[in-house]
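Every number here is computed from the coordinates shown, using simple stated rules; none is lab data. If you're wondering where the values come from, they're calculated on a predicted model, not measured in any experiment. Ideal geometry is used to build each Cβ from the backbone, glycine not excepted, and the neighbour counts take in all protein chains shown.
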Amino acid sequence: MSTTTIAPDESVRVRLDLSYDGTDFSGWAAQPGLRTVQGVLEDALTTVLRLPQPARLTVAGRTDAGVHARGQVAHLDVPRAAWDAVVGRSDRRPAEALVSRLAGVLGREQEPRGAADVVVRRATEVPPAFDARFSALWRRYVYRVSDRPEATDPLRRREVVRHHRELDVAAMEEATWGLLGEHDFAAYCKPREGATTIRELLEFQWRRIPPFAPDAGLVAAEVRADAFCHSMVRALVGACLAVGEGRRGPDWPAEVLAAAVRDPAVTVAPAHGLTLEEVSYPPLEDLAARARAARRVRTLGDES
């Protein structure tokens, strides 16, 4: 059986599956003087892996301040020597040792509270073609609203928005129909210079969670797209809430979309009701092709 010699300076690409409570973070992206998920996690990785240079993470989706994640994905490249050394004197695999040691460092970062508000649940060595951002097929978010006193749980006030008027869920569901598919979502995005606002909305549904189910009694929106631009999910939710209150008709969100400009009547829903639940990736053999396609600057109707 042949063996492959690994160069000492070879790097290992590592996928991290993580969750966080976004309440006390100023969003994902590192910012000078602010506590962010990226900043806290990169500091912990640099310490645990004893890296000569600060760790640099690439993430599936940059969440805003106050937004939570249950299924966030990021990757980083680690020098082979540092990856092998993370096990110390134990007989654990590097991935297992990394998760364990990160738990200790992130927990100490939250002292005296003792419980970390960001947790790396899994580390996996992946092929170099894997890119947490560009290889993703879609991201799925859930927005949770409590519009009835009996469904309001004070223990979940950090992740569920309290709405003081009962919502017409059927009208909100109808309002989503004209938003599905590939569109220019400029009306629902904060524009960034040089970035496209064309996205494909694969799923957008509202429902009231039935009794005895997790989240029973809450109104929840499930939103899934190939990608999202800045504030897009919360703007879409805000438009639907106006419909649910009876202030707008079910056709209004699609009319706003067609206008292709930000409408001041669309209120961006509060951040804390939103959770990134899942990111999906293709099989390993399709990672590179997916990343190439995702890097294209899209135009409507582009099928190349």
query: Which members of the range 129-166 meet the condition of being among the β-branched types (Val, Ile, Thr), over 30 Å from Ala291 (Cβ atoms) and within 19 Å of the chain's Cα centre (by Cα)?
result: Val145, Val160, Val161
message: Name the single residue that is nearest to Arg157 (Cα to Cα) among those in the range 70-94 being of a type in the set (A, V, I, L, M, F, W, C) and touching a helix residue (DSSP H, G or I) at 6+ places or on another chain (Cβ under 7 Å).
response: Leu76
Members of the range 170-179 that are of a type in the set (A, V, I, L, M) and buried (at least 20 other Cβ atoms within 10 Å of the Cβ): Met172, Ala175
query: Among the residues of the range 49-78 satisfying the criterion of being of a type in the set (S, T, N, Q) and in a loop (DSSP other than H, G, I, E, B), which is farthest from Tyr281 (Cα to Cα)?
result: Gln53
- line: Selection over the range 280-291 where residues are surrounded by 12 or more Cβ atoms within 10 Å (Cβ to Cβ) and without any contact (Cβ under 8 Å) to a residue 40 or more places away in the chain yields a count of 2
Conditions (1) under 30 Å from Val126 (Cβ atoms); (2) more than 17 Å from the chain's Cα centre (by Cα); (3) of a type outside the set (S, T, N, Q); number of the one not met by Val261: (1)
message: Suppose we keep only residues that are touching a helix residue (DSSP H, G or I) at 6+ places or on another chain (Cβ under 9 Å) and in contact (Cβ under 8 Å) with a residue 12 or more places away in the chain within the range 27-42. Which one would you say is surrounded by the fewest Cβ atoms within 10 Å (Cβ to Cβ)?
response: Ala29
